[in-house]
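Peer 1: Sending over a structure as structure tokens; questions will come in a sec.
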Amino acid sequence: MVMKPTVVLYPLAAMGHVVPIVQLAKLFIRHDFDAAVVLMHSHLKHPSFDPFIAGVSATQPSITFHQLPPPTDSVANPASQRLIDSVRRNNPQLLQFISSYRRDSDIRAVVLDSFCADALDVTAELRLRTHFFFSSGASDLGVFLYLPTMHAAMDVSFGDLGDAPLHYPGMPPIPASHMPSHMMERENEMFKKMVRMFDRLPEADAILINSFDHFEAEAVETLRSGVCVPGRWMPSVYCVGPLVVDARGGIGERKEERPACLEWLDAQPRGSVMFLCFGSMGSFSVDQLKQIATGLERSGQRFLWVVRAPPSGEAVNVILHPSEPDLDALLPEGFLERTKQRGMVVKSWAPQVEVLNHAAVGGFVTHCGWNSTLEAITAGVAMVAWPLYAEQRLNKVFLVDQMKLAVAMEGYDKEMVMAEEVETKLRWVMESEGGRELRERAAEMKTKAADAMREGGSSQLAMLEVIAKDLEKINS
């Protein structure tokens, strides 16, 4: 029996990385590949992780999931470091798995999550064609690829520079304060790990990006020119997105056939609702929730708001949240009753892709996570940028200053976004001439995103080129 060509995909053990790499696996199986997704052992697991894997397994038999056994050693580093450190610690298990798996499979390529750079040691030993998959945008990739060069040229930390602009090739000026928090101190061990990780990305045969050429044209051109890795070879760059979950097959585990929030949206006028949702790890203090609620009430706009319970302890963004927020205790007294005719608050989770694609939704207040950003782009919904953590402040700069597809919620970089700003920004998006132009640009980009993925589109042609090279005979 002739074996199908197989691709092995290896994501970081986090929902924001597993979900897009599974969408990439689906592209491979459309081109008659089998896809094996290898899951490293991790002590950190999002509640939606297992239901998501089970759902994909049930509907996509050509995608198989393989859980690596736990490493023999243990570490006591902070959570963010554990995720990065777990890659090298899982290398022996990954080597053993691929060595065994290739005996019965025609492995043509391995796709590594960009955060799994240490796994290059495994694919190099096995002499396998290796791609990196960068699940964020081309603009972010340009920044991170240039980071080792900038680090070598600087003798101060980003945290010492305040809002001083950083100049990356082909990018708008980025305030130093907007670099990810774990990169603020150059002597920080996590920062050093990140520099080493991004320094290894050019070792791959190709880099696949979850974006599309028209969306980030300047950043893509900059990457392909090689200026982000001066003096080094730059792998081929392929934009193969936007890769988002299907509107009918979301990530969370549903408790009902059709969520009540979708039924509520059905009764709202077209393009009239502001949707507020801040990702799987975004949460706010009680005081900030009250400011948002007050701003929503004063704005007079229709809204659908996903509220998570405030974080416990000092950590603002954690993987596991308390089960359900007590809305009566968290929100201003009488808020739910006073706004029930034009607003709806849901606890913890909503089917985001379906909500964004609903005709009633006219704007999206978002944390600027890349998955959420692409979901808004493919739905044609204008964004209000309220970044919280990781690379989200970088995304805010690109979306607002470069792409003109979002407007910033001012105060996101301060201790508190005030109710007046929430009110003002929602009114601006829904009622002003500038807001109308923003919504029109969002609708135009939706068309461009669909064009990229259809037959003959830029992302579809890029994927065909990747497939063709993977199918070439490899000379041992």
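Peer 1: Would you tally the net charge around THR130, using a Cβ to Cβ cut-off of less than 15 Å, leaving THR130 out, and scoring K and R as +1, D and E as -1?
Peer 2: Surrounding charge for THR130 is -2.
Peer 1: Give me a comma-separated list of calculated 3J(HN,Hα) values for region 41-48, in order, Karplus coefficients 6.51, -1.76, 1.60 applied at θ = phi - 60°, integers in Hz, x for any Gly or Pro.
Peer 2: With coefficients 6.51, -1.76 and 1.60, one gets 6, 8, 7, 9, 9, 5, x, 7 Hz.
Peer 1: What list do you get for LEU126, LEU356 if you sort them by fewest beta carbons within 10 Å?
Peer 2: LEU126, LEU356
Peer 1: Here's another thing I want to ask about it. What does the net charge come to around TYR412 if you take all other residues with beta carbon closer than 10 Å to its beta carbon, with K and R at +1 and D and E at -1?
Peer 2: Every neighbour counted, the sum reads 0.
Peer 1: Radius of gyration and Dmax for region 334-475's Cα atoms, expressed in Å?
Peer 2: 18.5, 71
Peer 1: Right, here's the next one. Nearest 10 degrees, 0 to 90: what angle lies between the long axis of helix 433-453 and the longest principal axis of the chain (Cα atoms)?
Peer 2: On a 0 to 90 degree scale, this one is about 30.
Peer 1: Could you pull out every residue, at least 5 positions away or on a different chain, whose amide H is within less than 5 Å of the one on ALA408? Hs are placed 1.01 Å off N in the peptide plane, and Pro or chain starts have none.
Peer 2: Result for ALA408 returns ALA385.
Peer 1: Give me the dipole magnitude in Debye, nearest 20, for region 260-450 about the Cα centre, with unit charges on the beta carbon: positive for Lys and Arg, negative for Asp and Glu.
Peer 2: Using only the charged Cβ atoms, the result is roughly 500 debye.
Peer 1: LYS26: which aspartates and glutamates have alpha carbons under 19 Å from its alpha carbon, excluding same-chain residues fewer than 8 sequence positions away?
Peer 2: The reachable aspartates and glutamates, counting only those whose Cα sits under 19 Å from LYS26, are ASP34, ASP50, ASP106, ASP113, ASP246, GLU375, ASP451, GLU455, GLU465, ASP470.
Peer 1: A follow-up question, please. Based on other C-beta atoms within 10 Å, arrange ILE377, ILE21 from fewest to most.
Peer 2: Placing the least packed residue first, the sequence is ILE21, ILE377.
Peer 1: List, in order, the whole-Hz ³J(HN,Hα) value for each residue of region 132-143 obtained from phi through the Karplus relation with A = 6.51, B = -1.76, C = 1.60 and θ = phi - 60°; use x for Gly and Pro.
Peer 2: 9, 10, 9, 7, 9, x, 4, 5, 4, 4, x, 4
Peer 1: For helix 15-30, report the angle its Cα long axis makes with the longest principal axis of the Cα atoms of the chain; keep it between 0 and 90° and round to the nearest 10°.
Peer 2: Orientation of helix 15-30: about 60 degrees from the principal axis.
Peer 1: Shifting gears a bit: Exactly which GluC sites (Glu not before Pro) in region 208-308 are in a DSSP loop and have at most 11 other Cβ atoms within 10 Å?
Peer 2: Counting only loop positions with at most 11 other Cβ atoms within 10 Å, the GluC sites (Glu not before Pro) in region 208-308 are GLU256, GLU257.
Peer 1: Please work out the Kirkwood hydrodynamic radius for region 3-150, using every pair of different C-alpha atoms, and report it in angstroms with one decimal place.
Peer 2: 15.9 Å
Peer 1: Order by neighbour count: HIS41, HIS178, HIS358, fewest other Cβ atoms within 10 Å first, most last.
Peer 2: Lowest count first: HIS41, HIS178, HIS358.
Peer 1: Considering only DSSP beta bridges where both residues belong to the chain, give the percentage that are antiparallel (nearest 5).
Peer 2: Counting only bridges with both partners in the chain, antiparallel ones make up about 5 percent.
Peer 1: For a test of understanding, tell me how many lysine pairs in region 326-443 have Cα atoms under 17 Å apart, given they are 8 or more places apart or on different chains.
Peer 2: Taking the Cα cut-off of 17 Å, the pair count is 5.
Peer 1: If you don't mind, there's one more thing I want to ask. Once the Cα atoms of helix 286-299 and of the chain are each reduced to a long axis, what angle between those two axes, in degrees from 0 to 90 to the nearest 10, is obtained?
Peer 2: Its long axis makes an angle of about 60 degrees.
Peer 1: Give me the Kirkwood hydrodynamic radius of region 393-476 in Å, from all C-alpha pairs, to one decimal place?
Peer 2: Across region 393-476, the inverse of the average 1/r is 16.2 Å.
Peer 1: Across region 259-273, in residue order, what do the Karplus-derived ³J(HN,Hα) couplings come to in whole Hz, using 6.51 cos²θ - 1.76 cosθ + 1.60 with θ = phi - 60° and x for Gly and Pro?
Peer 2: x, 4, 5, 6, 4, 5, 4, 4, 8, 9, x, 4, x, 9, 9
Peer 1: Which three numbers, in whole Å and largest first, are the semi-axes of the equivalent ellipsoid of the chain derived from its Cα gyration tensor as √(5λ)?
Peer 2: 36, 25, 23
Peer 1: May I ask which residue of SER211, GLY226, MET190 lies farthest towards the positive end of the charge dipole of region 182-242, with charges of +1 (Lys, Arg) and -1 (Asp, Glu) on Cβ and the Cα centre as origin?
Peer 2: Towards the positive end, the residue furthest out is MET190.
Peer 1: For region 181-286, what is one quarter of the convex hull surface built on the Cα atoms, given in nm²?
Peer 2: With the hull built on Cα positions only, its mean projection is 12.0 nm².
Peer 1: If the only charges are +1 at each Lys and Arg Cβ and -1 at each Asp and Glu Cβ, what is the size of the charge dipole of the chain around the Cα centre, to the nearest 20 debye?
Peer 2: Taking the Cα centre of the chain as origin, the dipole is about 820 debye.
Each reported figure results from applying straightforward, stated rules to the coordinates on display, with no laboratory input. Quick caveat, the model's predicted, so the values are computed rather than measured. Please note: Cβ atoms are built from the backbone with ideal geometry, for glycine as well, and neighbour counts cover all protein chains shown.
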